[in-house]
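Accompanying notes for the structure given below.
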Amino acid sequence: MSENPYIREGAAIGLRKLKDQHVFVPLIAQIKRAPELAEVLVYALGVLDCASEAEFLVELYVSQPHAPLLRMNLMDCFPPQTVRRIPDHNRKICLGKLNAGIQKAPNDEEAEELYRFRSLFIENTEE
């Protein structure tokens with residue numbers, strides 16, 4: 001991955017435009033290797049099926065309270081059709097992580113952001 005932020009952003013935009021699920025696993029691997037690049041790389045995930053990595057992406061959301069762009073991009077990763085593909089067991093783990101984050105939230109604003117993200121996993125489970 002390039003050290004140049006403009007190249008990284010351009011790559012993320014290009015990958016998003018491709019809408020190719022084949023880039024999903026390499027993007028997730030890169031985010032895990034270099035979490036400081038997550039804000040840019042998660043943007044490319046927003047058009048892909050992220051159900052298989054829901055737990056990791058929820059943990060990323062909970063662990064980054066001071067990254068509003070990252071959080072906004074993570075919310076894009078979970079449209080209703082993706083949430084419905086998350087197995088119940090994994091969805092419950094995601095909800096548990098979000099509930100724990102809400103309980104540990106240092107202020108009402110943080111708790112509200114976590115509630116808003118949590119609602120995606122509740123409201124979008126019905127057909």
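The values are calculated or read from the model by the stated rules, or taken from the named source; none is laboratory data. What you see is a predicted model; the values in this text were computed from it and never measured. Positions of Cβ are backbone-derived with ideal geometry, glycine not excepted, and every protein chain shown enters the neighbour counts.
Quick notes on this one:
- Failed item, numbered, when Ala100 is tested on (1) aliphatic (A, V, I, L, M); (2) surrounded by 16 or more Cβ atoms within 10 Å (Cβ to Cβ); (3) farther than 25 Å from Glu3 by Cβ: (2)
- Single residue of region 22-63 satisfying the filter (at pLDDT 95 or above and of a type in the set (S, T, N, Q)) that is farthest from Gly96 (Cα to Cα): Ser52
Every residue, every condition in (1) more than 19 Å from Glu123 (Cα to Cα); (2) in contact with a strand residue (DSSP E or B) (Cβ under 8 Å, 6 or more places away or on another chain); (3) buried (at least 21 other Cβ atoms within 10 Å of the Cβ), yes or no:
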{"position": "Lys17", "(1), (2), (3)": "yes, no, no"}
{"position": "Ile31", "(1), (2), (3)": "yes, no, yes"}
{"position": "Glu59", "(1), (2), (3)": "yes, no, no"}
{"position": "Thr82", "(1), (2), (3)": "no, no, no"}
{"position": "Cys94", "(1), (2), (3)": "no, no, yes"}
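- Residues (over 14 Å from the mean Cα position of the chain (by Cα) and under 13 Å from Phe121 (Cβ atoms)) located in region 96-108: Gly96, Asn99, Gly101, Ile102
- 1 or more residues farther than 17 Å from Gly46 by Cα and of a type in the set (Phe, Trp, Tyr): qualifying helices (runs of 4 or more DSSP H) within region 58-127: 108-123
- Qualifying residue in region 12-30 (condition: of a type in the set (Val, Ile, Thr) and under 13 Å from the mean Cα position of the chain (by Cα)): yes
- Complete set of residues in region 33-57 that are closer than 18 Å to Ala11 by Cβ, surrounded by 15 or more Cβ atoms within 10 Å (Cβ to Cβ) and not β-branched (Val, Ile, Thr): Leu37, Ala38, Glu39, Leu41, Tyr43, Ala44, Leu45, Gly46, Leu48
- Residue match in region 63-75 (condition: surrounded by 15 or more Cβ atoms within 10 Å (Cβ to Cβ), of a type outside the set (A, V, I, L, M) and farther than 24 Å from Glu3 by Cα): yes
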